[in-house]
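Single-structure report; data block below.
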Amino acid sequence: MSTPASAWLKTDAPRTDALTEAHLREFAAEVCADLSKPQKELHSKYLYDELGSALFEAITRLPEYGLTRADERLLSSHARDIAQVIPAPAAVIELGSGTGEKTRHILEAFTISRSKVRYVPIDVSPKALARCQQDLADVAEVYPLAQSYLDGMASAVGRRPAEQPLLILFLGSTIGNFERLRAVDFLQALRRSLRPGDALLIGADLVKDRDQMLRAYDDPIGLTAAFNLNLLGRINRELGGNFDLRNFQHEARWNEAERRVEMHLRSRVDQTAFIVEADLTVQFQAGETIWTESSHKFELDELCEMAGRTGFRVQAQWVDPDWPFVESLWVAH
Ligand SMILES: C[S@@+](CC[C@H](N)C(=O)[O-])C[C@H]1O[C@@H](n2cnc3c(N)ncnc32)[C@H](O)[C@@H]1O
């Protein structure tokens with residue numbers, strides 16, 4: 001039975017311009033709260049404005065950033081096995097798709113035996129989504145949602161036709177950006193939006209040599225530093241901040257207890273910044289940091305346990321031999 005395409009049509013197509021007024025207010029409120037904490041923080045989702053998304057794309061090409069290539073090798077080798085687990089007429093939803101470059105392998109595997117698969121990429125970056133829609137139109141019917149993960153899931157499953165199985169993709173070890181306990185909460189919430197038999201393909205970077213992990217987040221040509229510093233640039237552009245970016249330094253740290261790489265911005269001097277839209281004056285002492293992102297690293301057993309705790313069974317796990325990274329296929333029960 002074919003599904004009417006209109007069931008997946010999104011009324012508000014992705015915006016390719018800056019944030020809406022409501023999003024700007026939310027951005028300002030979060031920046032105000034997070035820079036007022038004893039350990040200053042900024043939420044990593046704000047790294048991905050137009051420039052940040054372009055910088056992230058460039059990072060995935062760095063020799064030091066092996067994650068993306070490992071993810072892609074696994075997807076290209078196992079796309080057929082993955083597609084076979086999901087009965088027709090399946091739809092594919094991707095959380096944090098970015099431009100969806102690697103996803104082509106999966107979409108093509110569905111297309112071999114069926115007509116174009118329905119693909120719903122969800123991302124906070126409208127520019128990345130616009131590229132995704134353009135680049136993957138030859139292999140899928142693409143219905144992008146410029147929303148955060150769970151809001152996007154709610155929109156997508158709200159339009160889900162009866163009897164349509166779903167494959168959810170969460171690639172690139174983006175799950176590692178959540179605190180471990182938050183990751184479990186998130187996966188439970190995701191599971192609640194699914195039906196038994198729906199599948200989740202989750203790519204996760206494994207614990208490996210410390211220096212190898214750190215180099216992936218502190219490359220010698222400074223792309224990751226630019227990606228990190230751009231967050232302050234974005235606050236200057238969109239919220240009327242006056243950060244002097246030259247007075248901050250990118251830092252990547254391995255936190256052994258939490259098994260994660262943390263990105264920070266270290267203040268080089270005592271300084272004060274003002275952010276008009278947040279009505280915030282923020283003071284920094286020399287050496288103090290803003291914590292901007294965490295990338296948790298995983299063990300294989302831990303991922304199996306997470307599946308069990310969040311309402312999934314593990315159907316398959318594939319590990320890349322060159323860069324320890326795992327693609328896990330979970331099925332909702
Ligand atoms: C680490 S990148 C991974 C991109 C791509 N999936 C890959 O594997 O290369 C994370 C992606 O998630 C998006 N993102 C970050 N936080 C998000 C959120 N809360 N909701 C939706 N998308 C988010 C970013 O814009 C970015 O495209």
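The values are calculated or read from the model by the stated rules, or taken from the named source; none is laboratory data. No experiment lies behind these values; they were computed from the predicted model shown. Note: ideal-geometry Cβ built from the backbone for every residue, glycine included; neighbour counts use all protein chains shown.
If only one of PHE186, PHE170 is under 27 Å from HIS23 (Cα atoms), aromatic (Phe, Trp, Tyr), at pLDDT 95 or above and touching a strand residue (DSSP E or B) at 6+ places or on another chain (Cβ under 9 Å), which one is it?
The unique qualifying residue is PHE170.
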Looking at (1) small (Gly, Ala, Ser); (2) buried (at least 20 other Cβ atoms within 10 Å of the Cβ); (3) in contact with a Leu (Cβ under 9 Å, 6 or more places away or on another chain), which is the one condition that is false for ALA58?
(2)
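Residues of segment 24-47 being more than 17 Å from ILE290 (Cα to Cα) and under 21 Å from the mean Cα position of the chain (by Cα), which ones? Spell out how you get there, then give the answer.
Of segment 24-47, the ones more than 17 Å from ILE290 (Cα to Cα) are 24-26.
Those that are more than 17 Å from ILE290 (Cα to Cα) and under 21 Å from the mean Cα position of the chain (by Cα): LEU24, GLU26.
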Can you tell me which residue in segment 150-169 is farthest from GLU26 (Cα to Cα), limited to those that are within 9 Å of the ligand (Cβ to nearest atom) and surrounded by 22 or more Cβ atoms within 10 Å (Cβ to Cβ)?
LEU169
For segment 69-85, how many residues meet the condition of being in contact (Cβ under 8 Å) with a residue 12 or more places away in the chain, surrounded by fewer than 23 Cβ atoms within 10 Å (Cβ to Cβ) and away from the ligand (no atom under 16 Å from the Cβ)?
4
Residue hits (segment 31-58; closer than 12 Å to ILE275 by Cβ and not in a helix (DSSP H, G or I)) are SER36, LEU42
Out of (1) assigned to a strand (DSSP E or B); (2) surrounded by fewer than 20 Cβ atoms within 10 Å (Cβ to Cβ); (3) touching a Gly at 6+ places or on another chain (Cβ under 9 Å), the odd one out for ASP322 is which?
(1)
Does segment 92-111 include one or more residues that are surrounded by fewer than 22 Cβ atoms within 10 Å (Cβ to Cβ), over 21 Å from LEU200 (Cβ atoms) and within 11 Å of the ligand (Cβ to nearest atom)?
no
